[in-house]
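Notes follow once the structure below has been shown.
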Amino acid sequence: MKQTRMAAVLALAAALAVNTTQAGAAEAAEPVPLLLPDPDTAHQVLSETPTVQAALAAREAARARGEALDTGPYEFELDAVGQRRDVRHEGDYNEWEAGISRRLRLPGKAALDRELGALGNDAAELGIADAFHGAALELLDGWFGWLDAASAVAAAASARDRLAEERAAVDKRLARGDAARIDLDLADSALAGAEAALAEARTAAAETSAALGARYPTLALPAAPPPIPEPEAPAMDAAALAAQIVARSHEIGIAEARYQQSMKRAQRGERDRRPDPALGIRTLSERGGDETAVGLTFNIPIGGRYRAAEARALAADAGAAGAELDAVRRQVVAGSRSVTARMQGSLAAWQAARRAAEAADTHAARARRGYQLGETDLFSLLAAERTAQDARRAEIAARIAAHRAIARVRVDAHEMWAYHHGHEEDGAAADEHRHGQ
């Protein structure tokens, strides 16, 4: 069992590597930012997640069920009876009878069963893609959570270093007699607060890293957060991206497959109102072999209220599956509009945060210059520095949030970290060829 699962992992990983090459044109149109794991690493990590492994196992189960449906539920039945009969005034006789029979599916039922098996396989294949997509969203959230925490450490360290420089400058001015002792106390207080904030940020980053490492054991985190470039909106507009998300939705595909399955089951239930007959051969031996017989047997159940009620129940299930399909489609449409709106809003928020950070930096630089010239007191300088630090941290957080929103849209649109079913066999063959070389 473990070897089978490991083979499935290797096959899927190879398939995803092949898919990465085949999907290169789509991903080359909008390069994956450097702050994200590279596609090969992401696909390998995602292929090993428990949800994807469970979906792979579910596909194997669906294939087995499809094979069972194709074969049919009926098997040969053998029955035999042996007895010893005592006939008065004649004697005792050894007698026996035996028969073999098999129930036969009526025309049309086998075809429906095969269609049900094929639909089950399709739904299971889509289930793998949907599990991969869900795992990609979880990895995306975890990665950006780590990136945000790691960036907070970098920002807190920068703030601490700036205040350490300010404290050293105040100490020198105090030695020259250009500053009061209270200024040094104020600088010490600000520096201690910055060190406390840095320790808190490091703790939060360590917790995030530990959680991410536990969830994805093979995902190697860089020692320091990568540079965070300015986010750029995708080439496609929001409406086109939302439409692409809906068109490529695995959730809708699964709901559609389940609806088709329920329709086929309803048709099968209607056919089952006419029971399948059983055909067999029977032979017997009586009076110690003096009398023998061979014959054909035929029996058929008489359908009644049970079969009619079961057919009605399956038809009602089909109606419910149709309503569920409509609900899933509406949910996906709403979600596509939500994530694209969040992307647009995040970009606008980042632009505003950038302007605020630039203005706060300008104000802090002027306050620093004014303090050097004796035109501004230390309290005003520290207040300006704190405002600039907060604004810069807010800009970094907004920049990361914008990248996260853009990446979320790309994952939902299956332009990044996407699984394309049907390539596992090709991927396994490619992997075997590479090992052979």
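Within segment 189-196, identify whether any single residue is free of Cβ contacts under 8 Å to residues at least 60 places away in the same chain and open to solvent by 70 Å² or more (accessible area, probe 1.4 Å), and answer yes or no. Yes.
Looking at residue 98, is it part of a helix (DSSP H, G or I) and either of a type in the set (Ser, Thr, Tyr) or surrounded by 13 or more Cβ atoms within 10 Å (Cβ to Cβ) (or both)? In short, no.
A quick yes/no check of all residues on (1) modelled with pLDDT of 95 or more; (2) of a type in the set (Lys, Arg); (3) touching a helix residue (DSSP H, G or I) at 6+ places or on another chain (Cβ under 8 Å):
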site: 99; (1), (2), (3): no, no, no
site: 102; (1), (2), (3): no, yes, no
site: 111; (1), (2), (3): no, no, no
site: 123; (1), (2), (3): no, no, yes
site: 142; (1), (2), (3): no, no, yes
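All but one of (1) open to solvent by less than 20 Å² (accessible area, probe 1.4 Å); (2) among the aliphatic types (A, V, I, L, M); (3) over 31 Å from the mean Cα position of the chain (by Cα) hold for residue 147; state the number of the condition that does not hold. Only one criterion is unmet by residue 147, namely (3). Take the conditions out of contact with any Phe, Trp or Tyr (no Cβ under 8 Å at 6 or more places or on another chain), small (Gly, Ala, Ser) and open to solvent by 50 Å² or more (accessible area, probe 1.4 Å) and apply them to residue 240. Does it pass? When the stated conditions are applied, residue 240 does not pass them.
Filter segment 39-79 down to the residues that are among the polar types (S, T, N, Q) and outside any loop (DSSP other than H, G, I, E, B), then identify the one that is nearest to residue 110 (Cα to Cα). Lay out the reasoning, then the answer.
Here is the first cut: in segment 39-79, the ones among the polar types (S, T, N, Q) are 41, 44, 47, 49, 51, 53, 71.
Those left that are additionally outside any loop (DSSP other than H, G, I, E, B): 41, 44, 47, 51, 53, 71.
Details: 41: 45, 44: 40, 47: 36, 51: 33, 53: 31, 71: 8 Å.
Taking the candidates together, the pick is 71.
Among the residues of segment 66-95, the ones that are open to solvent by 70 Å² or more (accessible area, probe 1.4 Å), over 24 Å from residue 116 (Cβ atoms) and modelled with pLDDT of 90 or more come to 3 in all.
Within segment 275-291, residues that are touching a residue at least 60 places away in the same chain (Cβ under 8 Å) and on the phi > 0 side of the Ramachandran plot have Cβ atoms under 9 Å from residues that are open to solvent by 50 Å² or more (accessible area, probe 1.4 Å) and part of a loop (DSSP other than H, G, I, E, B) in these pairs: 287/90, counting only partners at least 6 apart in sequence or on another chain.
Residue pairs whose Cβ atoms lie under 9 Å apart, sitting 6 or more positions apart in sequence or on different chains, and linking a residue in segment 198-227 that is in contact (Cβ under 8 Å) with a residue 40 or more places away in the chain and more than 20 Å from residue 48 (Cβ to Cβ) to a partner that is open to solvent by 50 Å² or more (accessible area, probe 1.4 Å) and small (Gly, Ala, Ser), are 201/154; 224/154; 225/154.
The values are calculated or read from the model by the stated rules, or taken from the named source; none is laboratory data. Not measured: the values here are computed from a predicted model. When we count neighbours, we look across all protein chains shown, and the Cβ atoms used for this are built from the backbone with ideal geometry, even at glycine. Remember, those area values only see protein heavy atoms, side chains included, never the ligands or the DNA or RNA. Shrake-Rupley method; radii C 1.70, N 1.55, O 1.52, S 1.80 Å.
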